[in-house]
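Here the structure comes first, spelled out in structure tokens, and everything after it is commentary.
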Amino acid sequence: MIRDHYAARMLGRLILPVLLGMGLMPGTVPAQAPVHSSVETTVRQWQDEWETVLYARPEEEHADRFRDLLTRLEALEREHPGDAAPKVLRAMVLCTYAGTRIGIGTLDMIETARDLLQRAIALNPRALDGSAYITLGNLYQRLPGWPVSFGDNTLARQYLETALKLFPDALDTNYFYGNFLLVQGDYAEAQHYLHKADAISLPVSAGVADRQLKQQVQAALAAARAGHAADDDFFSHLLPGWLKSAGQ
């Protein structure tokens, strides 16, 4: 367990930049709008609310708003235990809520989020457009490994590749897998997926989260072409020195 309060806070906060682009709709516009269950429709509305809090609300409001969302999601889970969507979003909100907390409970919340995502996959791998796989891939990639946390690049690759297989033409799946390859130093292969993500046009109705993700795609693609990791590589600059050395 992490016992240093500063490190615990940073471990929570490092999840925030990863999740800003998560849960986005596939970048391509389908010929016919997909049909969602009433539960998933509700969850998607709350997902929009979560993204609005992340991008548009003052930081001092985040903890209370995330806690309110978590309460509603937990109630929805109890009413619909066999539905994956509430579990996926609760995991994502839980990670960002962990970023507002200071203390050793931060890692516990992130581990709970991991467990929720794994249970969601067992129920419905395609829930919220594969967001469970994308989120798990980023958690396993970005967190340090044992004994600090559960980071594991092998598992990260597996989750991100699975998301890509489920949604091969989506903006987020191509970006996150391409960015994983970029971080691993596989610049040529990273360019393939980042170029594909860059070529995906955003709909006119695209929100701020989609547009910010598109900017990250362009920055990562430029870095891959230049043969180095992106300067704004999510949260690597947030990690304390000892936490970096404890990673994979």
Quiz item: Within the stretch 165-180, which residues are assigned to a helix (DSSP H, G or I) and over 16 Å from the mean Cα position of the chain (by Cα)?
Solution: Lys165, Leu166
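Which residues, taken from the stretch 82-96, are closer than 14 Å to Ala127 by Cα and not small (Gly, Ala, Ser)?
Going through the stretch 82-96, the residues closer than 14 Å to Ala127 by Cα turn out to be 82-92.
Matches in the stretch 82-96: Asp83, Pro86, Lys87, Val88, Leu89, Arg90, Met92.
So which residues in the stretch 152-169 are within 22 Å of Ala122 (Cβ to Cβ) and touching a Pro at 6+ places or on another chain (Cβ under 8 Å)?
Residues satisfying the conditions are Thr162, Leu166, Phe167.
Residue by residue through the stretch 142-155, note down the ones that are part of a helix (DSSP H, G or I) and either under 11 Å from the mean Cα position of the chain (by Cα) or at pLDDT below 90 (or both).
Correct list: Arg142 only.
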Exercise. Name, by its number, the condition in (1) surrounded by 22 or more Cβ atoms within 10 Å (Cβ to Cβ); (2) at pLDDT below 95; (3) not β-branched (Val, Ile, Thr) that does not hold for Lys87.
Key: (2)
Exercise. For the stretch 157-170, state whether one or more residues are touching a residue at least 60 places away in the same chain (Cβ under 8 Å), of a type outside the set (Gly, Ala, Ser), surrounded by 16 or more Cβ atoms within 10 Å (Cβ to Cβ) and within 30 Å of Ala199 (Cβ to Cβ).
Key: yes
Exercise. Output the qualifying pairs, or none if there are none: Cβ atoms under 7 angstrom, residues six or more apart or on different chains, first residue in the stretch 51-66 and closer than 16 Å to Val208 by Cα and among the aromatic types (Phe, Trp, Tyr), second residue part of a helix (DSSP H, G or I) and at pLDDT 90 or above.
Key: none
Quiz prompt | Boolean, Ile2 is part of a loop (DSSP other than H, G, I, E, B), modelled with pLDDT under 95 and surrounded by 14 or more Cβ atoms within 10 Å (Cβ to Cβ) | solution = yes
Quiz item: Hey, among Asp68, Asp48, which residue is modelled with pLDDT under 90 and surrounded by fewer than 19 Cβ atoms within 10 Å (Cβ to Cβ)?
Solution: Asp48
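Here's the yes/no breakdown for (1) in contact with a strand residue (DSSP E or B) (Cβ under 8 Å, 6 or more places away or on another chain); (2) without any contact (Cβ under 8 Å) to a residue 60 or more places away in the chain; (3) not charged (D, E, K, R):
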position: Ile110; (1), (2), (3): no, no, yes
position: Leu123; (1), (2), (3): no, yes, yes
position: Asp129; (1), (2), (3): no, no, no
position: Leu136; (1), (2), (3): no, yes, yes
position: Leu155; (1), (2), (3): no, yes, yes
Quiz item: What number of residues within the stretch 196-221 satisfy the criterion of being under 17 Å from the mean Cα position of the chain (by Cα) and either over 24 Å from Val183 (Cβ atoms) or of a type in the set (Ser, Thr, Tyr) (or both)?
Solution: 2
Practice problem: Grab the helices (runs of 4 or more DSSP H) fully contained in the stretch 46-123, keeping just those with 1 or more residues being touching a His at 6+ places or on another chain (Cβ under 9 Å). | Solution: 85-98
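Yes or no, residue by residue, for (1) surrounded by fewer than 15 Cβ atoms within 10 Å (Cβ to Cβ); (2) charged (D, E, K, R):
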position: Asp129; (1), (2): no, yes
position: Thr135; (1), (2): no, no
position: Pro147; (1), (2): yes, no
position: Phe176; (1), (2): no, no
position: Leu194; (1), (2): no, no
Quiz item: Which of the following residues is under 20 Å from Tyr55 (Cβ atoms), modelled with pLDDT of 90 or more and either among the hydroxyl-bearing types (Ser, Thr, Tyr) or touching a His at 6+ places or on another chain (Cβ under 9 Å) (or both): Tyr159, Tyr175, Tyr187?
Solution: Tyr175
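The values are calculated or read from the model by the stated rules, or taken from the named source; none is laboratory data. This one's a predicted model, so the numbers in the text were calculated from it and none came from an experiment. Virtual Cβ from ideal backbone geometry, glycine too; neighbours counted across all protein chains shown.
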